[in-house]
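Student: Below are the structure tokens for one structure; questions will follow.
None of the figures in this text is laboratory data; all of them are computed from the coordinates on show. None of these values were measured; they are calculated from a predicted model. FYI the Cβ positions are ideal-geometry reconstructions off the backbone, even for glycines, and counts take in every protein chain you see.
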Amino acid sequence: MKNQAGENQIAANNEAVKKLTRVLGVCSLLAMGVLLFWLVVYLLATDFLYGIHATFFDITRDEFERANYYGMGFFKLLVSVLFFLPFLSLKIVSRGER
């Protein structure tokens, strides 16, 4: 009886790890999609975006470009640390258990 309960708990844990791995993978893809969208919009509409931001903030063109560059880098770092690296770690660990 105890052995069956232990096996059920292990199976439930394995299923939870699989679901978490899928969620982290989807989050990584969605976040990279957001980053790609940001880059495309920035590249295609830099003047328009700068004009909008310059009306609200006292910002130079150089500061605007630097803010976008740093923002994209920081966002990519967060996505890597919070989603992609845990996803990759779970994938590696789960392959070792097969």
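Student: Here are several values of volume of the Cα convex hull per residue in Å³: (1) 155; (2) 119; (3) 110. Which one was derived from the coordinates shown?
Tutor: Label of the calculated value: (3).
Student: Please give me, ordered by residue number, the chymotrypsin sites (Phe, Trp or Tyr not before Pro) of region 39-98 that lie in loop per DSSP and have at most 16 other Cβ atoms within 10 Å.
Tutor: 57
Student: Right, something else. Taking a cut-off of 16 Å between Cα atoms, list the aspartates and glutamates near residue 91, but don't count ones fewer than 8 places away on the same chain.
Tutor: The qualifying aspartates and glutamates are 15.
Student: Something else about it: List the DSSP H helices in the chain whose Cα atoms stretch 20 Å or more along the helix axis and whose mean Kyte-Doolittle hydropathy is at least 0.5.
Tutor: 2-44
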